[in-house]
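Taking it in order: structure first as structure tokens, then the write-up.
The values are calculated or read from the model by the stated rules, or taken from the named source; none is laboratory data. As the structure is a prediction and not an experimental result, all values here were calculated from the model. Here the Cβ is made from the backbone with ideal geometry for all residues, glycine too, and neighbour counts use every protein chain on show.
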Amino acid sequence: MRLAPTYPIETERLLLRPLTSEDVDSVHAYQSLPEVCAYVPYEPRTREQVEERLAKPEFTRHELDAEKQALTLGIVVKDTGRLAGDVMLFWHSEEHRSGELGYQLHPDHWGRGYATEAGRAALGLAFEELGLHRVIARIDAENPGSAAVLRRLGMRQEAVLHENEWFKGRWSTEIDFAMLDREWRALSHGA
């Protein structure tokens, strides 16, 4: 199994492409914000932390050729050329053909459907190009906007893990969503 997309990946309003060291200021613009970092594992990042991260090949990779790798693609708004955020596809297991979807956007771009559009493109990569059988997404129960994105993508809620993790000073309840390859085909091809 291998995923080697041709870039940029074009959707109706977006271009998806690997992040580069030239994206430091744009990535820092959203990864430094408390409201963006509220439900992700890291705290707001300094410009130096973002610069250090984007200097590492594992965060700017162009393809997936082994399990346990993640492909993080910048979400660029076609009309403006502005980096709005990023979408991540993590390949969990080759044997189980499983992966995970994640995304984050600058608040200036919230509520416009960009996360849904980018997520749909990432699911297409996961199921149609990488050949995954199952993709999950895990969110915090206090993040209903993200739950709405996943439902719009056609992912189904599978589990609620009540207070399963001490996260940023509180007990976090995790909601798990998933989609199978046959569900993707039915949604995307009307099968």
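Taking the criterion of being at pLDDT 95 or above, under 26 Å from W171 (Cβ atoms), assigned to a strand (DSSP E or B) and touching a helix residue (DSSP H, G or I) at 6+ places or on another chain (Cβ under 8 Å), would at least one residue in the range 116-135 satisfy it? No, the range 116-135 contains no residue that is at pLDDT 95 or above, under 26 Å from W171 (Cβ atoms), assigned to a strand (DSSP E or B) and touching a helix residue (DSSP H, G or I) at 6+ places or on another chain (Cβ under 8 Å). Among the residues examined, E100 qualifies as free of Cβ contacts under 8 Å to residues at least 40 places away in the same chain, buried (at least 18 other Cβ atoms within 10 Å of the Cβ) and among the acidic types (D, E). For the range 1-23, enumerate the residues that are among the charged types (D, E, K, R), in contact with an Asp or Glu (Cβ under 8 Å, 6 or more places away or on another chain) and surrounded by 13 or more Cβ atoms within 10 Å (Cβ to Cβ). Across the range 1-23, the qualifying residue is only R13.
Taking the conditions (1) out of contact with any Leu (no Cβ under 8 Å at 6 or more places or on another chain); (2) touching a residue at least 40 places away in the same chain (Cβ under 8 Å); (3) closer than 23 Å to I136 by Cα in turn, E12 satisfies each one other than (3). Yes or no: D86 surrounded by 15 or more Cβ atoms within 10 Å (Cβ to Cβ), charged (D, E, K, R), in contact with a helix residue (DSSP H, G or I) (Cβ under 8 Å, 6 or more places away or on another chain) and within 18 Å of E117 (Cβ to Cβ)? Taking the combined requirement at face value, the residue satisfies it.
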